[in-house]
Every structure is written in structure tokens, then in C-alpha cells.
Amino acid sequence: MSLSISELAAAHCSHQTDAMSDADIASHLALLAGWQLDDGKLARRFDFKDYYQTLAFVNAIAWVIHAEDHHPELVVSYNRCSVKFDTHSVNQGRGGLSINDFICAAKIDALFAQRAH
């Protein structure tokens, strides 16, 4: 079952042990502009004007991911931040994508949309 983008952004992460099916991944991925699959992870690059804006965004992400207890891989440089999500606890600890990845991606998109230009 696919949630809407607003339902994803309002949802909260919970412990997951089952990876999403390819069909569920595809339907959720279609909701998230700019996100793609990268080596089995949900990934997006965010571009900024300067280092200050990049770090402000990373700090905002840190607050959200800490509150959700779901932590992505972050690569931060002067004017961009790459975010990659996956869920380590699914597939008997082998990893994969869960609804938590899409929940956090939707929350991060909402933060990005609210940033000062």
C-alpha cells in the first residue's frame, strides 16, 4: 500500500524487519521528486548557494533523523549534500529499503522546500 507524500511526511518511523517489495518501492519512489535508487539505497543530492546554507540544511536533517531514529549516509561538500537511506534491520540484517526510508525522505524534502532562498 502506497501512502501519499503528505502522509509520508506526517508519519513516524518504527522498527522494521521486512524489506519493501519492488512494486512498493516503485510506487513510493514515484512520489518523491529528485530521489532515485543508487546501489539499493534511496538517494538524492541537494544543492545550495554556499557552505553556510549546506550546513544549515545538514543541521536541520540531523534534528529530523535523530527524532525518527533513522540515520542516512550523508556526504557534505561546499554547496551540496548527498543523502542515502537504507534500513539495516530488514532482510534478516542484510539491509534493504523500508517505509522508514521514504518517511525520512519526505520529511527532508519538506525541510528543503522551506529553506530560505
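The values are calculated or read from the model by the stated rules, or taken from the named source; none is laboratory data. Since the model is a prediction, treat every value here as computed from it, not as a measurement. Neighbour counts run over all protein chains shown; Cβ positions are idealised from the backbone, glycine included.
Among the residues of region 1-29, those identified as of a type in the set (A, V, I, L, M, F, W, C) and touching a Ser or Thr at 6+ places or on another chain (Cβ under 8 Å) are 19, 20.
Name the residues in region 64-92 that are in contact with a strand residue (DSSP E or B) (Cβ under 7 Å, 6 or more places away or on another chain) and under 21 Å from residue 39 (Cα atoms), would you? Correct list: 72, 73, 74, 75, 80, 81, 82, 83, 84, 85, 86.
Would a scan of region 36-48 turn up a residue that is modelled with pLDDT of 95 or more, closer than 27 Å to residue 115 by Cα and touching an Asp or Glu at 6+ places or on another chain (Cβ under 7 Å)? Looking for residues that are modelled with pLDDT of 95 or more, closer than 27 Å to residue 115 by Cα and touching an Asp or Glu at 6+ places or on another chain (Cβ under 7 Å), one finds at least one in region 36-48, hence yes.
In region 2-18 there is no residue matching the filter, namely being at pLDDT 95 or above and acidic (Asp, Glu).
With the structure loaded, tell me whether residue 58 is over 29 Å from residue 18 (Cβ atoms) and under 15 Å from the mean Cα position of the chain (by Cα) or whether it fails that test.
Judged against the criteria, residue 58 is a match.
Hey, could you check region 91-112 for residues that are of a type in the set (D, E, K, R) and modelled with pLDDT of 95 or more and say which is farthest from residue 80 (Cα to Cα)? Across region 91-112, the extreme among qualifying residues is 101.
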